[in-house]
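Working notes, beginning with the structure itself.
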Amino acid sequence: MQMQLIKEGIHSYLVIPRETEQEETYENQLFQYHNVPYFLSYEIRTMNGHGSLYYRLQWHTSLYSVMGHLPFTYERVYRMVESVIDAICELDDYLLEPDGIVWDSRAVFMDVETGGLQFCYYPDRDVSQGELRDLITEWLQYIDKKQDDIVLLVMGFYDVVTEQEMTKEALVGFREKMKRHQRGSRDCLSEQRKEERVSGEGIVITEQEDSYPSEKENVPKESSKARREKGNELKIWNKQRSHKPRLLFLVTGIVALADLVLLIGWIAGVLSYVYMRYLLIGIVLLVGLVIGLLPDKEKESVDEIMQEYLQRNNERVKIRSDRLQEKPDRTEQGTQEIRMDKENASRIGETTLLSQVDEMADTDNHLVAEHTNKILHLESLEKDRYPAITLQNGTVVIGSMAEGCTYVLKECGISRLHAKIMEKADGIYLLDLNSTNGTCLNGEPIEAGKDYKIEEGDLVAFAKCEYYVVLV
């Protein structure tokens, strides 16, 4: 599905071409003249006999543009999952089918502060809108695998989505389960805060419990009490789990000390060989305790999603290693010398002559290129006001929001997530993240969501902040 981001005055649009002729259907009238929660309204425009849908954007940041550099915290992921469920349930109230939702991360727009999502509804059924499971698969690639709450939340939602019949009742049930888990966690934290606020001098400071006006009005007292008991049980279990390593360390130290005493006694001749069996038992027990103290390996699902995630990581590593591939020389002897130089330089970090096969040329024609480790810098035209932007770890995100941005530029006209500079196999590229005031390359505005290669000497402007490209 072809998509394009454009700006007209102060408004931004996502344009999707229509595959069928324009019809005044129920869906078209609904989304043109009414606001459906969680969905973007659109206009139908026709030019040269070809129609297009112009979705007016409320949030300029697409989910595709933030994945990889915006932290997916538990609160943000929770709101993302909740938005998906609410959007599907909302369609049922408007007599619409969920098949019309475009499950493409480029057509899903996010409020980067809260994590709320907005979707596009495409009325043509003969065009594939993607699948929700593919969207969740993309989430799994960027969430923090070390945070169990986030992994369990996304994997649980994935299990509900991949069922043979994903019903509204199953989604509503999962949403209620999410809310119960969140309320239990917050009640547990509230109890912990109360205990921490109890001072050793006997002065007890009471706190008002976290209130949920929209939920507590319809929740009876018994369920609230059961919720607190559940939170207390969770708190006790967490305490026991936190004390378990300490107990293991203590027992391990005692066993190790006992083994040391027996060993010294046997060497000194104080203890006979009869006590050796106790020493052997102690050693075996000590080994078992040490194994128990070793950190557990991360539990990773054997689902195909995780396999795809690992495969993509391998592809990224392969792309980086392709830069070190050789380019053929004019003679076989020259090729061998270059390979020897490459191997030697890889050991000591010197500049290397690389060789790369040119498929379009004859095998006897070879080229030699010099590879130098240059770093891209963006120097401001006002050096005393703005520091230089240096390409770090292959990607730099420029914006006014501290979270998710590598380089924070607090200036008027700079969007929260304004632009991205990224390193690819064939050079450095500039990408505008659908910023409000746009990004310019050599005086010309660039199209949002499209990569533009930049080279030394180019002039890049983020709104009114101008930089020139240098390689050092």
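The values are calculated or read from the model by the stated rules, or taken from the named source; none is laboratory data. Predicted model, so just to flag it, every value in this text is computed and none were measured. Because the Cβ atoms are built from the backbone with ideal geometry, glycine has one as well, and the counts that use them run over all protein chains shown. Heads up: the accessible areas ignore ligands, DNA and RNA and are worked out on the full protein's heavy atoms, side chains in. Shrake-Rupley method; radii C 1.70, N 1.55, O 1.52, S 1.80 Å.
Scanning the stretch 133-171 for residues that are surrounded by fewer than 17 Cβ atoms within 10 Å (Cβ to Cβ), under 21 Å from Glu90 (Cα atoms) and touching a residue at least 40 places away in the same chain (Cβ under 8 Å) gives a single hit, Lys168. In the stretch 416-433, the residue that is nearest to Ile16 (Cα to Cα) out of those that are in contact (Cβ under 8 Å) with a residue 40 or more places away in the chain and part of a loop (DSSP other than H, G, I, E, B) is Leu433. The single condition among (1) outside any strand (DSSP E or B); (2) out of contact with any helix residue (DSSP H, G or I) (no Cβ under 9 Å at 6 or more places or on another chain); (3) surrounded by 18 or more Cβ atoms within 10 Å (Cβ to Cβ) that Tyr13 does not satisfy is (1). The set of residues in the stretch 16-50 that are among the aromatic types (Phe, Trp, Tyr), in a helix (DSSP H, G or I) and in contact with a strand residue (DSSP E or B) (Cβ under 9 Å, 6 or more places away or on another chain) contains only Phe31.
Is there a residue being assigned to a helix (DSSP H, G or I), under 22 Å from Leu5 (Cα atoms) and in contact with a helix residue (DSSP H, G or I) (Cβ under 6 Å, 6 or more places away or on another chain) anywhere in the stretch 140-151? No, the stretch 140-151 contains no residue that is assigned to a helix (DSSP H, G or I), under 22 Å from Leu5 (Cα atoms) and in contact with a helix residue (DSSP H, G or I) (Cβ under 6 Å, 6 or more places away or on another chain).
Listed here are the residues, each with its yes/no results for (1) open to solvent by 20 Å² or more (accessible area, probe 1.4 Å); (2) free of Cβ contacts under 8 Å to residues at least 40 places away in the same chain; (3) in contact with a Gly (Cβ under 6 Å, 6 or more places away or on another chain).
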{"residue": "Glu24", "(1), (2), (3)": "yes, yes, no"}
{"residue": "Tyr55", "(1), (2), (3)": "no, no, no"}
{"residue": "Val77", "(1), (2), (3)": "no, no, no"}
{"residue": "Glu82", "(1), (2), (3)": "yes, no, no"}
{"residue": "Asp93", "(1), (2), (3)": "yes, yes, no"}
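The set of residues in the stretch 26-51 being surrounded by 13 or more Cβ atoms within 10 Å (Cβ to Cβ) and at positive phi consists of Tyr38 alone. Given the conditions (1) assigned to a helix (DSSP H, G or I); (2) free of Cβ contacts under 8 Å to residues at least 24 places away in the same chain; (3) of a type outside the set (Lys, Arg); (4) open to solvent by 70 Å² or more (accessible area, probe 1.4 Å), and given that Leu262 satisfies all but one, which numbered condition is not satisfied? All conditions pass for Leu262, except number (4).
Among the residues in the stretch 113-131, are any open to solvent by less than 70 Å² (accessible area, probe 1.4 Å), at pLDDT 85 or above, in a strand (DSSP E or B) and farther than 23 Å from Gly68 by Cα? Yes, the stretch 113-131 contains a residue that is open to solvent by less than 70 Å² (accessible area, probe 1.4 Å), at pLDDT 85 or above, in a strand (DSSP E or B) and farther than 23 Å from Gly68 by Cα.
Based on this model, can you work out whether Ser41 counts as farther than 18 Å from Asp126 by Cβ and touching a residue at least 12 places away in the same chain (Cβ under 8 Å)?
Yes; evaluated as a whole, the condition is true for this residue.
Here Thr20 qualifies as over 28 Å from Trp139 (Cα atoms) and surrounded by fewer than 18 Cβ atoms within 10 Å (Cβ to Cβ). Got at least one residue in the stretch 434-447 being surrounded by fewer than 16 Cβ atoms within 10 Å (Cβ to Cβ), without any contact (Cβ under 8 Å) to a residue 40 or more places away in the chain, farther than 22 Å from Ile6 by Cα and not small (Gly, Ala, Ser)? Among the residues of the stretch 434-447, not one is surrounded by fewer than 16 Cβ atoms within 10 Å (Cβ to Cβ), without any contact (Cβ under 8 Å) to a residue 40 or more places away in the chain, farther than 22 Å from Ile6 by Cα and not small (Gly, Ala, Ser), which makes the answer no.
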